[in-house]
Amino acid sequence: MHFPVYIEIGSAKILLHAVFEVLAFFIGFRYFLWLRKKQGDLIKTSNRTWIIIGAIFGALLGSRLIGGLEDPSQINKVNNLLLYFYENKTVLGGFLGGLAGVEMVKKIVGERKASGDLFVYPIILALVIGRIGCFTMGTYEQTYGTRTNLPWGIDLGDGQQRHPVALYEIVFLLIIWYRLRNLQKNFPLEQGALFKVFMISYLVFRFLLDFIKPHYTFTIGLSTIQLTCMAGLVYYSPYIIQPKKLLSLSYA
């Protein structure tokens, strides 16, 4: 396989990553609509619409902000700061920015019910599709790993055997999908607990994954992504310290 991977349509060459990125959003949202219709929604349609809008704009801002801060040494070198932040993005920043956007909108519209559970499986599906696209970019996007001598190391386009971190994430997402389904079947969860468990799991995974990714490292030995993960875990710390809070009151 040659990286990055293109598909040819007539005389045009399109990055396969761009195709998968569009598919991730489209299929993930269609899956969300299907689940909402099948399972029902405790949140009324008008509030759900505002929540989705808050998630979109929050994710857009958060992904660009954290993405632009991944390598602080570059900020003073760019001519157009807004363009620099726009061109750099990260899923993790999108998650936390989306979370902030949702919580802000819920306060404005007066919605008190937890709203994240319906998003969990569509997010996982969209991430899996998106990470396939990331893998097709090889080392031409910041979603590759450090060099490794392990037998499953892959040459991602620069002649070096590297950790295929995009594939690692796909495997993790499929495992967490399975584990969350079992959790739902075996425990009576509070509304919103499924989303919290997913976020905590993903934050821990991304914190660990960054140890095998090349990145700008602060003097404390951590990256921007890892510091962001820690901030997210602090936010969810009440549920990490007391996981019984995730269970319904009748069971806990």
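The values are calculated or read from the model by the stated rules, or taken from the named source; none is laboratory data. This structure is a prediction, so every number in the text was calculated from the model and none was measured. FYI the Cβ positions are ideal-geometry reconstructions off the backbone, even for glycines, and counts take in every protein chain you see. Just so you know, the surface numbers come from the protein's heavy atoms only, side chains and all, with ligands and any DNA or RNA stripped out. Shrake-Rupley method; radii C 1.70, N 1.55, O 1.52, S 1.80 Å.
Using a cut-off of 32 Å between Cα atoms, the listed pairs LYS13/LYS196; LYS13/LYS38; LYS44/LYS213; LYS38/LYS245 include LYS13/LYS196; LYS13/LYS38; LYS44/LYS213 as exceeding that distance.
Amide hydrogen proximity for ASP155: with H placed 1.01 Å from N in the peptide plane, the residues at 5 or more positions away or on another chain lying under 5 Å are ARG162.
Expected output is a single nm value to one decimal: the length gained when fully extending between LEU150 and VAL109, i.e. 0.36 nm times separation in residues minus the C-alpha distance. What is it?
Working: separation 41, 0.36 × 41 = 14.76 nm, distance 5.19 nm.
Full extension from LEU150 to VAL109 adds 9.6 nm.
Every Cα-Cα pair in the range 192-231 was counted, and those over 12 Å apart are 58% of them. For a modelled paramagnetic label at PHE25, 7 Å from Cα along Cα-to-Cβ, the residues of the range 47-61 in reach, with backbone nitrogen under 19 Å, are 49-61. Within the set (1) 22; (2) 34; (3) 39, the number that percent of Cα pairs over 29 Å apart takes when calculated for this structure is listed as (2). Compute the acute angle (0 to 90°) between the alpha-carbon long axis of helix 91-109 and the principal axis of greatest extent of the alpha-carbon atoms of the chain; round to the nearest 10°. Once rounded, the angle reads 30 degrees.
Just subtract the alpha-carbon distance of LEU167 and TYR216 from 0.36 nm times their residue separation and send over the number in nm, one decimal.
Between LEU167 and TYR216, full extension yields an extra 15.4 nm.
Taking only protein heavy atoms and a 1.4 Å probe, the accessible area of the chain is 64% carbon and sulfur. Based on Cα contacts under 8 Å between residues 6+ apart, the range 135-252 shows a relative contact order of 23 percent.
How about LYS185: which aspartates and glutamates have a C-alpha closer than 20 Å to its C-alpha, ignoring those fewer than 8 places off in the same chain? Straight-distance partners of LYS185: ASP41, ASP117. Restriction of the trypsin sites (Lys or Arg not before Pro) in the range 169-217 to DSSP coil positions whose beta-carbon has at most 10 other beta-carbons within 10 angstrom yields no sites. If a/c stays under 1.5 just call it rounded; otherwise compare a/b with b/c (prolate if a/b is bigger, oblate if not). Do that for the range 1-58, with a ≥ b ≥ c from the square roots of the Cα gyration tensor eigenvalues. It comes out prolate by the Cα gyration axes. For the range 1-115, the Cα-based Rg and Dmax, in that order, read 18.0, 53 Å.
Here the Debye sum runs over all C-alpha atoms of the range 50-160 as equal scatterers in vacuum, and log10 of I(q)/I(0) at q = 0.12, 0.13, 0.17 Å⁻¹ comes out as -0.57, -0.65, -0.95. Protein heavy-atom accessible surface, 1.4 Å probe, per residue over the range 111-252: 51 Å². Relative contact order for the range 1-85: 12 percent, from Cα pairs under 8 Å spaced at least 6 residues apart, divided by residue count.
Using 1/(1 + (r/R0)^6) with R0 = 22 angstrom and r between the beta carbons of LEU42 and ILE175, what's the FRET efficiency to the nearest 0.05? After rounding to 0.05, the efficiency reads 0.20. Computed about the Cα centre, the dipole magnitude for the chain is approximately 1000 debye when only Lys and Arg (+1) and Asp and Glu (-1) carry charge, each at its Cβ. Structural descriptor for the range 61-192: relative contact order 20 percent, calculated from alpha carbon pairs under 8 angstrom and at least 6 residues apart. Computed extension gain for HIS2 through TYR140, at 0.36 nm per residue and net of the alpha carbon distance, reaches 48.5 nm. Placing a label point 7 Å from the Cα of GLN191 along the Cα-to-Cβ direction, the residues of the range 97-121 with a backbone N closer than 12 Å are 111-118. Semi-axis lengths, largest first, of the ellipsoid equivalent to the range 169-222 are 29, 13, 6 Å, with √(5λ) applied to each eigenvalue of the Cα gyration tensor.
From the Cα gyration tensor of the range 140-252, with a ≥ b ≥ c the square roots of its eigenvalues, which class applies: rounded if a/c is under 1.5, or else prolate if a/b is larger than b/c, or else oblate? Because a/c hits 1.5 or more and a/b fails to exceed b/c, the range 140-252 counts as oblate.
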